[in-house]
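Each remark here refers to the structure printed beneath this line.
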Amino acid sequence: MAKIHLLLLKTSEQSLVIRGFMFNDSKNQLVIKENKINFTKYYKIVSSRTMILKGFDELNTFLSKSRNIVIVGHRNPDGDAMGSTLGLKHYFSKKGHSTTVVVPNEYPDFLHWLPGSESTYRFDWQNTQSQKAIKNSDIIFLLDFNALHRVGHDMQKTLENYSNEFAMIDHHQQPDNVKYMYSDVEICSTCQMVYQFIEMNNDLDLIDEDIATCLYTGIMTDTGSFRFRSTTSKTHRIIADLIDRGAQNDKIHNNVYDANSYGRLLLLGQALSNLQIFPEYKTAFITLTEAEKKKFDFQKGDTEGVVNYALSLKEIVFAAIFIEDVEQNIIKISFRSKGKFSVNQFARNHFNGGGHDNAAGGRFEGSIEEIIETFKALLPKYKNELNSSYEA
Ligand SMILES: [Mn+2]
């Protein structure tokens, strides 16, 4: 039986109803139990957790023999996807497994220095090798994504035909149901989860400089350098331990953040001059057209983090960036928020997307002009939510 987590459901003067849910591994079903607890003293509940750990012991038994393992990250891999897949790969290699990382497509230049990056297969570019690795694997680990469609159409089809089991380690909401799962939407990054996975296996002493470097990178990028709300004291303790085990924090920050090309800075300048602000909705957005991207020699990853400039405005709690993508014939969207306003829900409701409460993505079929009109038309509906989302 997996771990049980509790959600507070109802309170009255003298009792509360608690609902626990767990996965029953043998039957693969969700079991829900309710208990009424009477109390005489109040305790303020400061956090509720939604964590799923499924099939952990069975997975360990499976991994007690040397296996062929493929580790997959999501399409357009970011620091957390690359750090977690490569960190887990180094760990599994030390455990005697033969491990291959396969990512759907290209990842930004500022992540290519990560240890092990050179042995990664790109599914779109090294398709034969990738297919072969997947076909020959005993198990596939899915890292930093919650649903198979996040790897893109072609790779999704390959994974859907996979005959062995999947294991997922991820922190996005509403994960697909796979056989082995470690899901926790309250943890800041998949890299922190990989650390905790290694910890659950009592293997922290196997963390060497390579593993520490990979995991540090993903925690750093997914927390905006340890500043988002998801950053906890535990995150800092883990970061401290990773430094003790060889992660060079100054070098990692420099490699990731101080690697701008001249074109990227000019593109940022263009993005900032396209910024539009709607004070009555505490909202701001940025646009970038394909022509503007071309003009400044756009490279993969150049627009990463640009949306955060819109959110950095005083009094703004909701920020978006709309980026024209002629290749896919869509507008790519990133959303960010401060406080209670859930951009995950907003992206799910209106833009075929999702993610986390304060950071999510989506897509739109149409032109930049059309998405601006659509987006602006939605704002009045959310006026109250936006105005009460965050108090400084
Ligand atoms: Mn992540």
- Message: Under a Cβ-only charge scheme (Lys and Arg +1, Asp and Glu -1), can you give me the dipole magnitude of segment 70-147 about the Cα centre, in debye to the nearest 20?
- Response: 380
- Using helices alone, what [θ] at 222 nm do you get for the chain, with -39,500 (n - 2.57) per DSSP H run of 4 or more residues, divided over all residues and rounded to the nearest 500? -10000 deg cm²/dmol
- Message: How many angstrom lie between the Cα centre of segment 176-255 and the Cα centre of segment 339-360?
- Response: 24
- Starting from the Cα-Cα distance between residue 384 and residue 127, subtract it from 0.36 nm times their residue separation and give me the gain in nm to one decimal. 87.6 nm
- Note on the structure: The size of the Cβ-based charge dipole (Lys, Arg +1; Asp, Glu -1) of segment 268-321 about the Cα centre, to the nearest 20 debye, is 20
- Proximal charge balance of residue 64 [Cβ under 12 Å; K/R count +1, D/E count -1]: +1
- Query: With the contact rule set at Cα under 8 Å and sequence spacing of 6 or more, what percent relative contact order holds for the chain?
  - Reply: 11
- Item | segment 36-179: radius of gyration and largest Cα-Cα distance (Dmax), Å | 17.6, 65
- Task: Compute the normalised compactness of the chain: alpha-carbon radius of gyration over 2.2 N^0.38 Å, N being the residue count.
- Result: 1.02
- Task: Mind ranking 267-280, 230-243 by how tightly packed they are, going by the mean number of other C-beta atoms within 10 angstrom, highest first?
- Result: 230-243, 267-280
- Item | Ordering of 183-196, 113-126 by packing [mean C-beta count within 10 Å, highest first] | 183-196, 113-126
- Message: Under a Cβ-only charge scheme (Lys and Arg +1, Asp and Glu -1), can you give me the dipole magnitude of the chain about the Cα centre, in debye to the nearest 20?
- Response: 1180
- Once both label points are put 7 Å beyond Cα along the C-beta direction, the residue 225-residue 237 separation in nm becomes 2.6
- Note on the structure: With the charge dipole of the chain built from beta-carbon charges (+1 for Lys and Arg, -1 for Asp and Glu) about the Cα centre, the Cα from 350, 389, 62 projecting farthest to the positive end belongs to 389
- Estimated FRET transfer efficiency when R0 is 41 angstrom, pair residue 276-residue 57 (beta carbons, to 0.05): 0.20
- Could you tell me which of 257, 284, 107 has its Cα farthest along the dipole of the chain towards the positive end, charges placed at Cβ (Lys, Arg +1; Asp, Glu -1), taken about the Cα centre? 284
- Could you tell me which of the pairs 157/179; 314/338; 332/381; 65/89 are separated by over 21 angstrom between their Cα atoms in the structure shown? 332/381
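Only the coordinates and a few stated rules stand behind these numbers; no lab work does. Quick caveat, the model's predicted, so the values are computed rather than measured. Because the Cβ atoms are built from the backbone with ideal geometry, glycine has one as well, and the counts that use them run over all protein chains shown.
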